[in-house]
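Structure record follows, encoded as structure tokens.
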Amino acid sequence: MLDFNSRTTFEDHLNQRIDAALVGERAAVPARGYLGASRLGVACDRALQFEFTDTPRDPGASLVGRTLRIFEIGHALEEVAIRWLRASGLDLVTRTRDGGQIGFSVAGGRIRGHADGVVFGAPNMPALQVPALWECKTMNAKAWRETVAKGVVLAKPIYAVQIAIYQAYLEPALPGVSEHPALFTAINKDTAELHHELVPFDATRAQAASDRAVRILRATDAHELLPRIAHDPTHFECRFCPWAERCWRLPG
Ligand code: SF4
């Protein structure tokens, strides 16, 4: 006789195996050992320092399979966006000639970033001056609508910081990339709608991010713990922070 409950059991079992495999793959990836420039817009200095130093997350705050699946779906959708933009006529380059990522490495390799791409040609699109940095993000419908309504700088400041610092650090290798607005693409994962925005270079934002990176490197070298963002663990940032338990046990 058929066991009508077996589907659930099978489904759970298969999903557990998938997630266990993803978590295992993630655990096998060596710590990157540098400060990712894409993270310089993280709100809290201390959280960024924990991330840079590969400090273990609190028990119960490790990256779970579902989160890893969300990350991977984001990467896959980025590949789709590359195809769509190229189909529109853009000369979008996402790899160096030798197949590597387009990126930069500064401060003796301790600060690095990898761009999603650079637009080198935009025929019949005078608004898009090249070379232009291209950054792509995937979002749920709520976040996407907010980004459309407010623009990336207000809706997603962490991405605006990433764009500014990438433009600044890529300028020596790609002259003009900081003079031209970056092309920011946001994909609505729920509806497949696309949002494109031209983001002018903000030198002040880039400088602040660069100063922040130096501050984090210096404090870490001096074994100093950077200050918290808040005076209370119920602060919004702390409630979602994977180092909250550790952080609030340590000195302020
Ligand atoms: S718990 Fe709050 S203050 Fe501490 S590292 Fe996380 S975000 Fe920063």
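Summary of computed values
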item	result
For the chain, accessible area per residue (1.4 Å probe, heavy atoms of protein chains only), Å²	58 Å²
Cα-centred dipole magnitude for the chain, charges only on beta-carbon of K, R (+1) and D, E (-1), debye, nearest 20	240 debye
Segment ALA141-ALA21, extension gain: residue separation times 0.36 nm, minus the distance between their alpha carbons	40.3 nm
Helix-only CD estimate at 222 nm, as mean residue ellipticity for the chain, using -39500 (n - 2.57) per DSSP H run (n ≥ 4)	-14000 deg cm²/dmol
For region 94-180, alpha-carbon Rg and Dmax in angstrom	14.2, 41
Overall form of the chain per C-alpha gyration tensor (a/c, 1.5; a/b vs b/c)	oblate
Radius of gyration and Dmax over the Cα atoms of region 1-82, both given in Å	17.5, 60
Modelled FRET efficiency - R0 41 Å, GLN129 with GLU237, Cβ distances, 0.05 increments	0.70
For region 64-97 and region 145-162, distance of Cα centres in Å	19 Å
Apportionment of accessible area to carbon and sulfur, the chain, percent (1.4 Å)	55 percent
Extension reserve of the THR96-ARG249 stretch, reckoned as 0.36 nm per residue once the Cα distance is removed	50.6 nm
Longest site-free stretch - the chain; sites: chymotrypsin sites (Phe, Trp or Tyr not before Pro), DSSP loop, at most 11 other Cβ within 10 Å	5-239
Cα gyration tensor shape for region 160-220, rounded if a/c is under 1.5, else prolate or oblate	oblate
Span-like helix ranges in the chain, DSSP H, alpha carbon extent 30 angstrom or more, Kyte mean at least -0.5	65-87
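The values are calculated or read from the model by the stated rules, or taken from the named source; none is laboratory data. Computed from a predicted structure; not experimentally measured. Here Cβ is always computed from backbone atoms with ideal geometry, including for glycine, and neighbour counts include all displayed protein chains. What goes into the accessible areas is simple: the full protein's heavy atoms, side chains included, and nothing from ligands, DNA or RNA. Shrake-Rupley method; radii C 1.70, N 1.55, O 1.52, S 1.80 Å.
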